[in-house]
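The values are calculated or read from the model by the stated rules, or taken from the named source; none is laboratory data. Note that the coordinates shown come from a computational prediction; the quantities given were computed from them, not determined experimentally. Neighbour counts run over all protein chains shown; Cβ positions are idealised from the backbone, glycine included. We work out accessible area using only protein heavy atoms, side chains counted, and drop any ligands, DNA or RNA first. Shrake-Rupley method; radii C 1.70, N 1.55, O 1.52, S 1.80 Å.
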Amino acid sequence: GEHLRICPQGYTCCTSEMEENFANKSRSEFEAMMKEAGRSVQTTLTAQHRSFDSYFQDLLNKSEKALYDAFPSMYGELYTQNMKVFKDLYSELRRYYRGSNINLEEALNEFWTRLLERLFKLMNPQYHITDEYLDCMVKHAEQHKPFGEVPRDLKVKATRAFIAARSYAQGFLVGSDVVKKVSQVSLSHECTRAIMKLMYCPHCRGMSSVKPCNNYCLNVVKGCLANQADLNTEWKYLMDSLVIVADRIDGPYNVDTVIGTVHMRIAEAISNLQENKDSITAKVFQGCGNPKISTKGSSTEDKKRRGKVALEAKSSAQALEMLVLDAKGNLTALKTYWITLPGILCSKKVMASSAADDKCWNGMTKGSYLPEVMGDGLANQINNPEVEVDITKPDMTIRQQIMQLKIMTNRLGNANIGNDVDFQDASDDMSGSGSGDSCPDDVCGKRLSKSPSTRQPETHAIPKQSGHGINGASSRSLPSTFLLLLSVAFIAVQHLWR
C-alpha cells in the first residue's frame, strides 16, 4: 500500500485509481447526506409557512367578501359609489403582508381620509364642496372623530397583527433559505480525505463489514461541519423568536380577531358617522365655514340604511391555535439542528458503531478509538485529530447566512413589541445590512420605544426570497450610525478573512 495517499499504507485491496474513485464517491455521498438532511428541515419550515400563509390570506379574503356581500344592502349609494376605496384598502393590506415597502399606518390613515371625504359629500349633496373645503374638513377630523374611536383602535390592533403576521411568515422562509444555502457548501480538500478515510478505507483493508467507531465518525463530521455548527446560536435565537411571535399571533395580537373583523369595524365606523351626521356637519361648518349651495340642485340622500344586515365574523380561533401549536412543536425540535447534525449523520447515514465498541474501524485498523470527541464549532477544531481545519478562515457563505439569521431575529424582536420595520430588496452581498446583538425574548421590548404608532419605521436590507415575493429585514431600534459602523466592520472582516 505504499502507493496509497489517503488510506493506511499496509497491505491493501486498493489501487491508486480505486482510492481516488472512493474519495470522489465518499465526497458526493456525504454532500448528498447533507442536502438530504437540509431538505427535511426546509420541508418542515416551508410547510409551516404555507399553512400560516393560507390561513392568513383566507382570513383577509373572507373579511373582504363579507364586506362586498353586506355593504350594498346596508349602505346603498354610500357603498356603491365608494367601492374602490374599500377595494384599495384590502389591496394595500395584502401588499403589505406580502412584503411591499408600505407604511401600514399611512395606508390606513389614507383609507379613512378618502372615505370621510366621499361620505361627507354624499351626505351633504345640497352643497358644493370643493377640494379645498375637504382639506379643511380633514384637518378637523382628528378633533371631531367622525368615525368614533374605530380608526385609532383598528390602526393599533391591525398594525400589530400585520407586523407580527408578515414577520412570522418571513421567518420561516428565511430559515428555509439559510438551510438551503448552507447545505450546498462544498467540502474542503482536507475534509474529503477525512471522509474517504472514514467511509471507504476499511474496504481497502479488506474490512468492508467493519463499521466506523462512533467517536471517530463524530470527530470527522464535526471537523467537516465546523462552520455549519457556528450557525447554532443565531439559529436557536431565530427558532425562539418565531415561537414568541407565534404566541403573540394567537394572543395579544390575535390575527383571527383583528383581521377577520376588519369589515365589521368599517361598518361600525360608518354607522358612527351616520348617527352623528348632523353634529359633525355643524362642527365642520363652524370650523371651515358654510359651503355654497349646489347649483345642480340637491338630490335626496340615499336611504341612511337599507335595513340592518347582521355582520358576523366566523371565528377560526381553533384553527389558529392548532397552527401555532404545531409550529411551536416543530420549531422547538429544530432548535439544535446544527449541533446535532454530526450525531444524526453518524448514526443514521454512516451507520457508525457504538462508542464502546472495540471492534470498529478507528481510521487505522479494527479496534477501539481513543481520542476525545471535539466540541462544536470552528474554534473547537484546533486540535481535531482527524481533520485539518484552519480556524482562521471561516466559510464566508456561512458567515453571511449567520448575518441573515441575526437580521431576521431582530425583525421578529421588533414585531414582538409591535414595531414596524421597512424593508427593501437587497442582494446577498449584505451591503447596508445591520445586525446587532441577538435578543429573542421579551426583554428586547424593554429597550425599544413603547409607542410604535408615532415613530418612523426603520430600514434594513434582507435578501430576496426567490419565488415567494417576500423579503424583509429587521432591526432593534439601533442608531443608524451604529448600524453603519457595524456594516463597515463586517466588510472589513470579510476582507481580512480572504
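Kindly state, to the nearest 0.05, the FRET efficiency for GLN143 paired with ARG94, given R0 = 25 Å and r defined as their beta-carbon distance. Result of the calculation: an efficiency of 0.20. Relative to the current alpha-carbon distance between GLU388 and LYS35, full extension at 0.36 nm per residue lengthens the span by 124.8 nm.
Kirkwood-type hydrodynamic radius, the range 1-139: 21.4 Å, calculated from all non-identical alpha-carbon pairs. In the assembled protein chains, LYS211 presents an accessible area of approximately 100 Å² (probe radius 1.4 Å). The relative contact order of the range 58-179, computed from alpha carbon pairs under 8 Å that lie at least 6 residues apart in sequence, is 26 percent.
Between HIS128 and LYS292, ILE293, SER294, the built amide H atoms are under 5 Å apart, and every one of these is 5 or more places off in sequence or on another chain. Computed with every protein chain present, the accessible area of GLU29 is close to 60 Å² [probe 1.4 Å]. Inter-label distance, GLU372 to ASP358: 2.2 nm, where each label sits 7 Å from its Cα along the C-beta direction. Accessible surface comparison of TYR68, TYR96, probe 1.4 Å, protein chains only, largest first: the order is TYR68, TYR96. These residues, GLU110, GLU77, GLU386, go from largest to smallest accessible area, 1.4 Å probe, as GLU110, GLU77, GLU386.
In terms of overall dimensions, the range 377-421 has a Cα radius of gyration and Dmax of 16.4, 50 angstrom.
For SER354, the solvent-accessible surface with a 1.4 Å probe is about 70 Å², rounded to the nearest 10.
Each peptide in 192-198, 267-273 receives the mean, over its residues, of other Cβ atoms within 10 Å, and ordering these scores from highest gives 192-198, 267-273. R0 = 35 Å: FRET efficiency of ASN109 with MET322, Cβ-based, nearest 0.05? Taking R0 as 35 Å, the efficiency between ASN109 and MET322 is 0.50. Probe radius 1.4 Å, ligands and nucleic acids ignored: give me the carbon and sulfur share of the accessible area of the range 148-200 as a rounded percent. The value for the range 148-200 is 46 percent carbon and sulfur by accessible area.
For the range 335-410, the per residue solvent-accessible surface stands at 48 Å², with DNA, RNA and ligands left out and a 1.4 Å probe.
Computed from Cα atoms alone, the Kirkwood hydrodynamic radius reported for the range 101-253 is 21.8 Å. For the range 81-132, the carbon plus sulfur part of the accessible surface works out to 43%, probe radius 1.4 Å. Looking at the range 117-214, the accessible area is 40 square angstrom per residue; that uses a 1.4 Å probe and ignores ligands, DNA and RNA.
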